[in-house]
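**Q** Structure in structure tokens, see below.
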Amino acid sequence: MRITVVDGDITEQDVDAIVNAANSSLLGGGGVDGAIHRAAGPELLQHCRTLRAHHWPEGLPPGRAASTPAAQLPADWVIHTVGPNRHAGETDPSVLASCFRESLLEALRLGATSVAFPGIGAGVYGWEADDVAQAARLALTEVPGRWDALEEVRFVLFSATVADAFREHLSDLFA
Ligand code: AR6
């Protein structure tokens with residue numbers, strides 16, 4: 001399994017699944033969530049409405065992940081996860097690690113072999129770039145061999161601060 005860190009826009013990634021830093025409503029928002037919905041087109045919102053109605057009528061809780069088809073995006077799937085919102089007092093970093101873990105598990109469940117992540121929680125939800133990178137690292141390393149069916153896990157980072165933190169904390173995992 002290859003781990004890569006790139007600067008860029010997650011909506012343009014040609015991978016099997018991209019991860020969305022969503023909110024519990026699953027009905028879109030700002031930041032990367034807004035960018036993904038804009039690039040995917042209105043069909044993504046329809047998929048999200050169906051996902052919510054059938055599986056998460058009270059919303060997707062922080063730390064969980066669920067997927068929809070990716071509509072007009074180059075990817076096949078969007079895995080929606082909800083980071084803990086520090087500004088709302090959700091300060092437990094294990095919930096942030098759970099976002100990465102549950103998203104990777106969902107990727108395996110979908111049969112995806114390549115998955116791209118944004119810096120979940122590093123924007124509106126107020127996490128430090130170092131905390132986000134460490135949460136990603138924990139999810140990747142806590143159970144050796146767990147993600148061997150994945151060929152590539154790519155971190156696609158919009159902000160130089162977040163990209164630098166991921167390079168610092170994950171560089172020893174790069175193949
Ligand atoms: N590609 C990659 N990364 C991006 C992109 C993009 N196109 N656009 C922004 N980022 P945020 P959160 C980076 O705020 O902190 C939404 O309104 C951004 O620079 O998108 O988990 C949701 O609906 C930052 O480093 O997600 C929720 O309400 C990172 O993505 C809330 O924001 C995450 O920033 C979730 O907040």
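**Q** In the stretch 144-175, what residues are touching a residue at least 12 places away in the same chain (Cβ under 8 Å), in a helix (DSSP H, G or I) and of a type outside the set (Ser, Thr, Tyr)?
**A** 160, 162, 163, 164, 165, 166, 167, 168, 169, 170, 173, listed by residue number.
**Q** From (1) within 15 Å of residue 156 (Cβ to Cβ); (2) touching a strand residue (DSSP E or B) at 6+ places or on another chain (Cβ under 7 Å); (3) open to solvent by 50 Å² or more (accessible area, probe 1.4 Å), pick out the condition that doesn't hold for residue 74.
**A** With (1) within 15 Å of residue 156 (Cβ to Cβ); (2) touching a strand residue (DSSP E or B) at 6+ places or on another chain (Cβ under 7 Å); (3) open to solvent by 50 Å² or more (accessible area, probe 1.4 Å) applied to residue 74, the lone miss is (2).
**Q** May I pose another question? In the stretch 128-139, which residue that is in a helix (DSSP H, G or I) and open to solvent by 20 Å² or more (accessible area, probe 1.4 Å) is nearest to residue 163 (Cα to Cα)?
**A** Here the answer is 130.
**Q** So how many residues does the stretch 23-65 have that are among the aliphatic types (A, V, I, L, M) and open to solvent by 10 Å² or more (accessible area, probe 1.4 Å)?
**A** Qualifying residue count for the region: 8.
**Q** Can we say residue 124 is within 12 Å of the ligand (Cβ to nearest atom) and within 12 Å of residue 62 (Cα to Cα)?
**A** No, not satisfied.
**Q** Name the single residue that is farthest from the ligand (Cβ to nearest atom) among those in the stretch 3-21 being part of a strand (DSSP E or B) and open to solvent by less than 10 Å² (accessible area, probe 1.4 Å).
**A** Per the stated criteria, the residue is 17.
**Q** Scan 45, 26 and give me the residue that is modelled with pLDDT of 95 or more and part of a loop (DSSP other than H, G, I, E, B).
**A** 26
**Q** Out of all the residues in the stretch 80-99, is one or more more than 9 Å from the ligand (Cβ to nearest atom), in contact with a helix residue (DSSP H, G or I) (Cβ under 8 Å, 6 or more places away or on another chain) and touching a residue at least 60 places away in the same chain (Cβ under 8 Å)?
**A** Taking every residue of the stretch 80-99 in turn, at least one turns out to be more than 9 Å from the ligand (Cβ to nearest atom), in contact with a helix residue (DSSP H, G or I) (Cβ under 8 Å, 6 or more places away or on another chain) and touching a residue at least 60 places away in the same chain (Cβ under 8 Å).
**Q** In the stretch 136-167, what residues are closer than 18 Å to residue 101 by Cα, of a type in the set (D, E, K, R) and touching a strand residue (DSSP E or B) at 6+ places or on another chain (Cβ under 7 Å)?
**A** Within the stretch 136-167, 151, 152, 154 qualify.
The values are calculated or read from the model by the stated rules, or taken from the named source; none is laboratory data. Note that the coordinates shown come from a computational prediction; the quantities given were computed from them, not determined experimentally. Note that each Cβ is placed from the backbone with ideal geometry, even for glycine, and that neighbours are counted across all protein chains shown. Ligands, DNA and RNA are excluded from the accessible area calculation, which covers all protein heavy atoms including side chains. Shrake-Rupley method; radii C 1.70, N 1.55, O 1.52, S 1.80 Å.
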